[in-house]
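The values are calculated or read from the model by the stated rules, or taken from the named source; none is laboratory data. The model shown is predicted, which means the values in this text are computed figures rather than measured ones. So basically every Cβ, Gly included, is an ideal-geometry build from the backbone, and we count neighbours across all protein chains shown. Ligands, DNA and RNA are stripped out before the accessible areas are found, and what is left, the full protein with its side chains, is counted by its heavy atoms. Shrake-Rupley method; radii C 1.70, N 1.55, O 1.52, S 1.80 Å.
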Amino acid sequence: MVQTEISSKAAPVVFQDVSKVFGEGVVAVDNINFTVEAGRLVTLLGPSGCGKTTTLRMIAGLERVTSGRIRIGDTDVTTLPATDRDVAMVFQSYALFPHMTVLENVSYGLGFSGFPKSEIRGRARTGLDLVGLKGFDDRLPSELSGGQQQRVAVARALVLEPQVLLFDEPLSNLDAKLRRQVREDIRAIQRDLGLTVVYVTHDQEEALAVSDQIVVMRNAAIAQIGSPRELYDSPVDSFVADFIGEANLLPCEVVAIDGEIAEISVDSYRYRLASRGLPKGPAKLAVRPARIVLDEDDGFDATVAKATYVGVRMEYTLDTSFGSIFAVQDDVTHTLETGSSVKVGFKPTGPVLIPET
């Protein structure tokens, strides 16, 4: 599905040198800069404690900025209270009222937002229709599945027609199958309505699946910003390479530079790839498991330590002179036995040079 039109209310979000310090010098967010374009879904991704949720809460006005500026559209919202910001937030816990019906839950915020009573029920029903819950008006939250409860929470936020819609770990309480379905629903709604969405998760696959752009955070700062493909194919360092999908981080030596192409040595194996500005000398190579080729004629030596059949592919753990590496292969017919010796190489594209430190 391709987004065709941006909502007339969707607004960009701009962070300018924003920091947040708690208590006596606990830096939660350290001088970050990024822009969320109107009508785009941007994910804040990182491990626990990296500052992503604090960043989201500063957009919502639930945390005050220590320094720097935040703009939503043409408005500087840095010092505005949450009640004066045109944003809506979908919480991890859904925060539905158990004694209220689905329609009452979706209508609740409209009553406090100045909408006339004559419009509230109609708007609430439209919101439920948007998230695929038409006809669920009179049910209680306890009568819904986890995925349906999450959709009610989304509908409650959508009917407010916010400039920015915020999601705080919205799928963490769902099982694996529901997570996939609900993330597809959220992405479809965002694209269909042209919404500006800022989405927080620690799940790399989830971020890759839903995002136009990902802001990877580490230790209160931004490690890298890019599209899902940019981050997966061109990580700037070992942290991003390892955090965005699985990656083998292998020691290598840049032995020659020819323009923008480097020739590297991994053990005795030679390989050419983009130099990314690195000089000759020690470096690291990030290689995705699916980019490894086994039984190469001129590869480096390895021993199969573990071979696992998982239905659609084989997974191999390989012992080498410099440590273990992980490889996946589509061929489930001609498999390698544990203990067998193999030559290991890389596909023509995929491996990426990153600095040694």
Considering only residues of region 265-321 that are over 30 Å from the mean Cα position of the chain (by Cα) and polar (S, T, N, Q), which is surrounded by the most Cβ atoms within 10 Å (Cβ to Cβ)?
320
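Taking residue 269, is it touching a Gly at 6+ places or on another chain (Cβ under 8 Å), among the aromatic types (Phe, Trp, Tyr) and touching a residue at least 60 places away in the same chain (Cβ under 8 Å)?
Values: touching a Gly at 6+ places or on another chain (Cβ under 8 Å): yes; among the aromatic types (Phe, Trp, Tyr): yes; touching a residue at least 60 places away in the same chain (Cβ under 8 Å): yes.
Yes, satisfied.
One line per residue, one yes/no per condition, for (1) open to solvent by 30 Å² or more (accessible area, probe 1.4 Å); (2) farther than 17 Å from residue 158 by Cβ; (3) not β-branched (Val, Ile, Thr):
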residue	(1), (2), (3)
70	no, yes, no
74	yes, yes, yes
84	yes, yes, yes
98	yes, yes, yes
103	no, no, yes
Residues that are of a type in the set (Asp, Glu) and assigned to a strand (DSSP E or B), drawn from region 234-289:
253, 258, 263
Write out, first by first residue and then by second, each pair whose Cβ atoms fall under 9 Å of each other, whose residues are 6+ apart or on separate chains, and whose first residue, in region 319-334, is among the charged types (D, E, K, R) while the second is open to solvent by 70 Å² or more (accessible area, probe 1.4 Å).
330/312; 330/313; 331/313
State whether one or more residues within region 245-257 are in contact (Cβ under 8 Å) with a residue 60 or more places away in the chain, closer than 18 Å to residue 336 by Cβ and open to solvent by 50 Å² or more (accessible area, probe 1.4 Å).
no
When you scan region 137-186, how many residues do you find that are open to solvent by 40 Å² or more (accessible area, probe 1.4 Å), more than 23 Å from residue 38 (Cα to Cα) and touching a strand residue (DSSP E or B) at 6+ places or on another chain (Cβ under 9 Å)?
1
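Regarding residue 91, is this residue touching a residue at least 24 places away in the same chain (Cβ under 8 Å), open to solvent by 50 Å² or more (accessible area, probe 1.4 Å) and aromatic (Phe, Trp, Tyr)? Reasoning before the result, please.
On the way: touching a residue at least 24 places away in the same chain (Cβ under 8 Å): yes; open to solvent by 50 Å² or more (accessible area, probe 1.4 Å): yes; aromatic (Phe, Trp, Tyr): yes.
In short, yes.
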Subset of region 122-136 that is out of contact with any Ser or Thr (no Cβ under 7 Å at 6 or more places or on another chain), free of Cβ contacts under 8 Å to residues at least 40 places away in the same chain and in a helix (DSSP H, G or I) - its residue that is most open to solvent (accessible area, probe 1.4 Å):
125
Please work out if residue 130 is at pLDDT below 90 and out of contact with any Asp or Glu (no Cβ under 6 Å at 6 or more places or on another chain).
yes
Identify the single condition in (1) within 28 Å of residue 144 (Cβ to Cβ); (2) in contact with a strand residue (DSSP E or B) (Cβ under 6 Å, 6 or more places away or on another chain); (3) buried (at least 17 other Cβ atoms within 10 Å of the Cβ) that residue 57 does not satisfy, given that it satisfies every other one.
(2)
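Of all residues in region 37-73, which are touching a Lys or Arg at 6+ places or on another chain (Cβ under 6 Å), more than 25 Å from residue 206 (Cα to Cα) and polar (S, T, N, Q)?
The initial filter retains those residues of region 37-73 that are touching a Lys or Arg at 6+ places or on another chain (Cβ under 6 Å), namely 44, 46, 50, 54, 61, 63, 66.
Of the ones still in play, those that are also more than 25 Å from residue 206 (Cα to Cα) are 61, 63, 66.
Within region 37-73, just 66 meets the criteria.
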Flag if residue 208 is in contact with a Phe, Trp or Tyr (Cβ under 9 Å, 6 or more places away or on another chain), aliphatic (A, V, I, L, M), surrounded by fewer than 22 Cβ atoms within 10 Å (Cβ to Cβ) and part of a helix (DSSP H, G or I):
yes
Output the number of the condition that residue 354 fails; it satisfies all remaining conditions of (1) surrounded by fewer than 14 Cβ atoms within 10 Å (Cβ to Cβ); (2) closer than 25 Å to residue 233 by Cβ; (3) among the β-branched types (Val, Ile, Thr).
(1)
Could you grab the pairs with beta carbons closer than 6 Å, sequence gap of 6+ or different chains, first residue in region 219-244 and open to solvent by 30 Å² or more (accessible area, probe 1.4 Å), second one not in a strand (DSSP E or B)?
232/244; 232/245
Is there any pair linking a residue in region 186-212 that is more than 11 Å from residue 43 (Cβ to Cβ) to one that is of a type in the set (Asp, Glu), with Cβ under 6 Å and at least six apart or on different chains, and which?
194/5
Give region 12-56 a look and list any residue that's touching a helix residue (DSSP H, G or I) at 6+ places or on another chain (Cβ under 9 Å) and without any contact (Cβ under 8 Å) to a residue 24 or more places away in the chain, or say none.
22
I need a count of the residues in region 12-68 that are in a loop (DSSP other than H, G, I, E, B), modelled with pLDDT of 95 or more and over 29 Å from residue 245 (Cβ atoms).
6
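Out of 184, 119, 161, I need the residue that is of a type in the set (D, E, K, R), under 30 Å from residue 73 (Cβ atoms) and part of a loop (DSSP other than H, G, I, E, B). Which one?
On the way: 184 fails: part of a loop (DSSP other than H, G, I, E, B); 119 fails: part of a loop (DSSP other than H, G, I, E, B).
Going through 184, 119, 161 in turn, just one is of a type in the set (D, E, K, R), under 30 Å from residue 73 (Cβ atoms) and part of a loop (DSSP other than H, G, I, E, B): 161.
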